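First up is the structure itself, then whatever we jot down about it.
The values are calculated or read from the model by the stated rules, or taken from the named source; none is laboratory data. Because the structure is a prediction, the values reported are computed rather than measured. Every residue, glycine among them, receives a Cβ derived from its backbone with ideal geometry; neighbour counts consider all protein chains shown.
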2 protein chains.
Amino acid sequence: MPVPPREYGGTERIVHALTQELVARGHDVTLFAAAGSETSAELHSSSPAPLWESGADALAAHAIEIEDMVGRSAEFDVIHSHLDVLPWLAGDRYQAPLVTTMHGRLDLPDQRKVLARFRERPLVSISDAQRKPVDDLHLNWRATVHHGLDLERIYHLGKGDKGYLAFVSRLTPEKAPHLAIDVAIKAEMRIVVAGKVPDEDRDYYESKVKPLMDNPLVEWAGELDDGGKDEVIGGAVGFIVPIQWDEPFGLAFIEALATGTPVISMARGSLPELMESGRHGFLCSSEDELIAACHKLGEIDRAECRRWVLERFSPSRMAAGYEAVYSGLIAGRRAAS
Amino acid sequence: MPVPPREYGGTERIVHALTQELVARGHDVTLFAAAGSETSAELHSSSPAPLWESGADALAAHAIEIEDMVGRSAEFDVIHSHLDVLPWLAGDRYQAPLVTTMHGRLDLPDQRKVLARFRERPLVSISDAQRKPVDDLHLNWRATVHHGLDLERIYHLGKGDKGYLAFVSRLTPEKAPHLAIDVAIKAEMRIVVAGKVPDEDRDYYESKVKPLMDNPLVEWAGELDDGGKDEVIGGAVGFIVPIQWDEPFGLAFIEALATGTPVISMARGSLPELMESGRHGFLCSSEDELIAACHKLGEIDRAECRRWVLERFSPSRMAAGYEAVYSGLIAGRRAAS
């Protein structure tokens, strides 16, 4: 996928924001990414395949990319990989230190095993919560660097004056739109639902979500682009995505907060790192708490929500985090040689 | 997936057959495969993931497997990989020559590019037809080695006395069950249809195949195991799977011929290498030819069909083909050192 992505693609958005910021800070950056990527860095395009795609064809594309990266590695001080385990197979063929940001969940059995096998690899986590399932492995974590996005440019402080709750996310069991709608109905509030139904979650949608959509309190808004999200979420009194998994980093939540809209979700995964419960919304442990939270949204200062994420999750803060990681790697390499 | 596989898994069946035969011929073989694999070789199990699975978790499993293989590589004279491009990322970290059997189609755009990028890698094709899409790349092909299976043990010479045609394969557009059924109906013959409908081909099945299943000439036999295939196909007067793609090797066809049942298919892909049209069935270019072929099945000698595949596609013939490849690699390495 080109960077930034035209549709969904959290990793690409982050890679784009980081690259732009590093270039702005005076670094000499080469971005290995799909043809068509917009970037102020030098673009090295091995193929048109997206970062997140799997399957034989994408694997082939990444193999070429990695081989290219090995070939050019002597040109760089540091190589920063977002390709998970794949580049590790090249062993010590890189002529520069390689650091990997893990973008996904780390609780799958083979994920654990592969991390244990490559435990010397320098890693960056995207939240402290992400590391928990592999805490016992004592991996070579260099830092947690929270994501940063140009939230200030994309999102505006909304008035939150439309009176509805908003669920804007993929419609999957992990994001639990069925629960969000149920909470809204029980709280006797309107809810606007928007997002994509992934093919593999069609059954979930048909059986658990669709039956609730006929309720007069529920409005379907389809799939939204950045502008649409800004408008729909900015008008909401609360953003409710009651996650049912330990999401390593929920970009949707910081985007919502950037419009000033307080978040209602569960107290799990990275959520407690993204916001303070009671100050930027409410992190709950049960459906009753979620319902109660809907009635306390007036306590939250919308301007503070926006201020918080603009400061905490900015590209410059992210870039500074990575600069420290890069410096450590370069110093470590000098000391070793 | 364990080797041999419990369900579908052509590559695993071949790897199993080859390994057993190489051990029987006195070679010292270590099989890197999923835990639970049955083999007379030494089993090295890095993980329980099947060879053919993709996705992050399987990738992680294969990364461990490859890392293990690199670590043990000095123990071996030759490493024979069935993992496509993945092990190539390890570059020259192997302390033994690595040869790769390509098991899939080579006509996808990124597949072409990755083969061009790694053009020095020694390769084995499973048919001459498989190489055609990349003929112009002048890759390092060492041989074509046709698959071999223990057909003699699994399949028996059937009488072909039940009067029906048989379609036994996955129900996908590439295998064209809709065409097979249409041909049978037009030839006024009964047809037994068996096989799995993959999830991704559910739409195809509903729109193109299911409407034909009500015809009184059509009988649905569900999914069959080896014993079921032996019985159903062995009773058929003809085995009709009119492929709509250049299948690099059609195991189903040699299995059908092992029961003595003549094959009706299209003259494309590996088919002309698997059988002689007119002697073991009929390879056609149009639906009219397929229909005409149904009426000429009586001309085919069933015992000759079985004799042909038992000789041509035996494990020993396959192993001899690979022994020649291995010898060439070992001699090349000696000459280079």
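State which residue is modelled with the highest pLDDT when the search covers only the stretch B:14-37 and only residues that are hydroxyl-bearing (S, T, Y) and within 20 Å of B:D150 (Cα to Cα). Quick ask: steps written out before the conclusion?
Filtering the stretch B:14-37 down to residues hydroxyl-bearing (S, T, Y) leaves B:19, B:30, B:37.
Pick out the ones that are also within 20 Å of B:D150 (Cα to Cα) and you get B:19, B:37.
Numbers: B:T19: 97, B:S37: 84.
Across the stretch B:14-37, the extreme among qualifying residues is B:T19.
Considering the stretch A:38-52 alone, what residues qualify as being more than 7 Å from chain B (Cβ to nearest Cβ) and modelled with pLDDT under 85?
If the condition is that a residue be more than 7 Å from chain B (Cβ to nearest Cβ) and modelled with pLDDT under 85, then A:S46, A:P48, A:P50, A:L51, A:W52 are the ones that fit.
Within the stretch A:91-101, track down each residue that is in contact (Cβ under 8 Å) with a residue 12 or more places away in the chain and facing another protein chain (nearest Cβ under 8 Å).
Within the stretch A:91-101, A:R93 is the sole residue that qualifies.
I want to confirm something. Restricting to the stretch B:298-315 and keeping residues that are surrounded by fewer than 19 Cβ atoms within 10 Å (Cβ to Cβ) and of a type in the set (K, R), which single residue is farthest from B:E21 (Cα to Cα)?
Residue satisfying both the conditions and the ranking: B:R307.
Looking only at the stretch A:144-183, count every residue that is of a type in the set (A, V, I, L, M) and touching a Phe, Trp or Tyr at 6+ places or on another chain (Cβ under 8 Å) and tell me the total.
Here the count works out to 9.
Is it fair to say B:V218 is more than 21 Å from B:F313 (Cα to Cα), free of Cβ contacts under 8 Å to residues at least 60 places away in the same chain and β-branched (V, I, T)?
Taking the combined requirement at face value, the residue satisfies it.
Conditions: (1) in contact with a Lys or Arg (Cβ under 9 Å, 6 or more places away or on another chain); (2) more than 11 Å from every other protein chain (Cβ to nearest Cβ); (3) surrounded by 17 or more Cβ atoms within 10 Å (Cβ to Cβ); (4) closer than 24 Å to B:V70 by Cβ. B:W88 meets all but one. Number of the miss?
(2)
Within 21 Å of the chain's Cα centre (by Cα), surrounded by fewer than 24 Cβ atoms within 10 Å (Cβ to Cβ) and at pLDDT below 95, is that true of B:E231?
Numbers: within 21 Å of the chain's Cα centre (by Cα): yes; surrounded by fewer than 24 Cβ atoms within 10 Å (Cβ to Cβ): yes; at pLDDT below 95: no.
Judged against the criteria, B:E231 is not a match.
With the condition kept exactly as written, say whether any residue in the stretch B:280-299 is of a type in the set (V, I, T) and part of a helix (DSSP H, G or I).
yes
Suppose we keep only residues that are in a loop (DSSP other than H, G, I, E, B) and crowded, with 17+ Cβ neighbours inside 10 Å within the stretch A:74-85. Which one would you say is nearest to the other protein chains (Cβ to nearest Cβ)?
A:V85
Taking the stretch B:235-259 on its own, how many of its residues are closer than 17 Å to B:Q130 by Cβ, part of a helix (DSSP H, G or I) and in contact with a helix residue (DSSP H, G or I) (Cβ under 8 Å, 6 or more places away or on another chain)?
3
Inside the stretch A:260-269, can you point out the residues that are surrounded by fewer than 24 Cβ atoms within 10 Å (Cβ to Cβ), in contact (Cβ under 8 Å) with a residue 24 or more places away in the chain and part of a loop (DSSP other than H, G, I, E, B)?
Matches in the stretch A:260-269: A:R268, A:G269.
If only one of A:G55, A:G71 is modelled with pLDDT under 90 and surrounded by fewer than 16 Cβ atoms within 10 Å (Cβ to Cβ), which one is it?
Only one candidate qualifies: A:G55.
Can you go through A:V192, A:V232 and tell me which one is of a type in the set (V, I, T) and either part of a helix (DSSP H, G or I) or out of contact with any Leu (no Cβ under 9 Å at 6 or more places or on another chain) (or both)?
So the residue among A:V192, A:V232 that is of a type in the set (V, I, T) and either part of a helix (DSSP H, G or I) or out of contact with any Leu (no Cβ under 9 Å at 6 or more places or on another chain) (or both) is A:V232.
Hey, can you tell me all the residues within the stretch B:237-259 that are closer than 14 Å to B:F313 by Cα and in contact (Cβ under 8 Å) with a residue 60 or more places away in the chain?
B:F249, B:L251, B:A252, B:I254, B:E255, B:A256, B:A258, B:T259
I need the full set of residues from the stretch A:126-151 which are in contact with a Ser or Thr (Cβ under 8 Å, 6 or more places away or on another chain) and either over 20 Å from A:S316 (Cβ atoms) or within 14 Å of chain B (Cβ to nearest Cβ) (or both), in order please.
A:D128, A:A129, A:Q130, A:R131, A:W141
Give the residue, chosen from A:V183, A:V209, A:V192, A:V237, that is at negative phi and touching a strand residue (DSSP E or B) at 6+ places or on another chain (Cβ under 6 Å). First the steps, then the outcome.
On the way: A:V183 fails: touching a strand residue (DSSP E or B) at 6+ places or on another chain (Cβ under 6 Å); A:V209 fails: touching a strand residue (DSSP E or B) at 6+ places or on another chain (Cβ under 6 Å); A:V237 fails: touching a strand residue (DSSP E or B) at 6+ places or on another chain (Cβ under 6 Å).
One residue alone meets the criteria, A:V192.
Rundown of residues vs (1) within 21 Å of B:G10 (Cβ to Cβ); (2) touching a strand residue (DSSP E or B) at 6+ places or on another chain (Cβ under 9 Å); (3) among the aliphatic types (A, V, I, L, M), yes/no style:
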| residue | (1), (2), (3) |
| --- | --- |
| B:F253 | yes, yes, no |
| B:A256 | yes, yes, yes |
| B:S277 | no, yes, no |
| B:C284 | no, yes, no |
| B:I300 | no, yes, yes |
| B:S316 | yes, no, no |
| B:V325 | yes, yes, yes |
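Could you list, in sequence order, all residues of the stretch B:102-125 that are more than 7 Å from every other protein chain (Cβ to nearest Cβ), at pLDDT below 90 and assigned to a helix (DSSP H, G or I)?
Within the stretch B:102-125, B:P109, B:R112 meet the criteria.
Name the residue that is surrounded by the most Cβ atoms within 10 Å (Cβ to Cβ), counting only residues in the stretch A:270-282 that are under 18 Å from A:R302 (Cβ atoms) and of a type in the set (A, V, I, L, M, F, W, C).
Filtering the stretch A:270-282 down to residues under 18 Å from A:R302 (Cβ atoms) leaves A:274-282.
Filter once more, keeping what is of a type in the set (A, V, I, L, M, F, W, C): A:274-275, A:282.
On the way: A:L274: 27, A:M275: 25, A:F282: 25.
Here the answer is A:L274.
Just name the residue that is surrounded by the fewest Cβ atoms within 10 Å (Cβ to Cβ) out of those in the stretch B:161-188 that are in a loop (DSSP other than H, G, I, E, B) and in contact with a helix residue (DSSP H, G or I) (Cβ under 6 Å, 6 or more places away or on another chain). Walk me through how you get there before you give the answer.
At the first step, the residues of the stretch B:161-188 found to be in a loop (DSSP other than H, G, I, E, B) are B:161-164, B:169-176, B:187-188.
In the following step, the residues that additionally are in contact with a helix residue (DSSP H, G or I) (Cβ under 6 Å, 6 or more places away or on another chain) were identified as B:169, B:171-173, B:187.
Values: B:S169: 24, B:L171: 23, B:T172: 19, B:P173: 16, B:A187: 21.
Looking at residues that are in a loop (DSSP other than H, G, I, E, B) and in contact with a helix residue (DSSP H, G or I) (Cβ under 6 Å, 6 or more places away or on another chain), I get B:P173.
If a residue must be touching a helix residue (DSSP H, G or I) at 6+ places or on another chain (Cβ under 7 Å) and outside any helix (DSSP H, G or I), how many such residues does the stretch A:21-32 contain?
Initially, the stretch A:21-32 is screened for residues touching a helix residue (DSSP H, G or I) at 6+ places or on another chain (Cβ under 7 Å), giving A:21-22, A:25, A:29, A:31-32.
Those still in the list that are outside any helix (DSSP H, G or I) too: A:25, A:29, A:31-32.
Here the count works out to 4.
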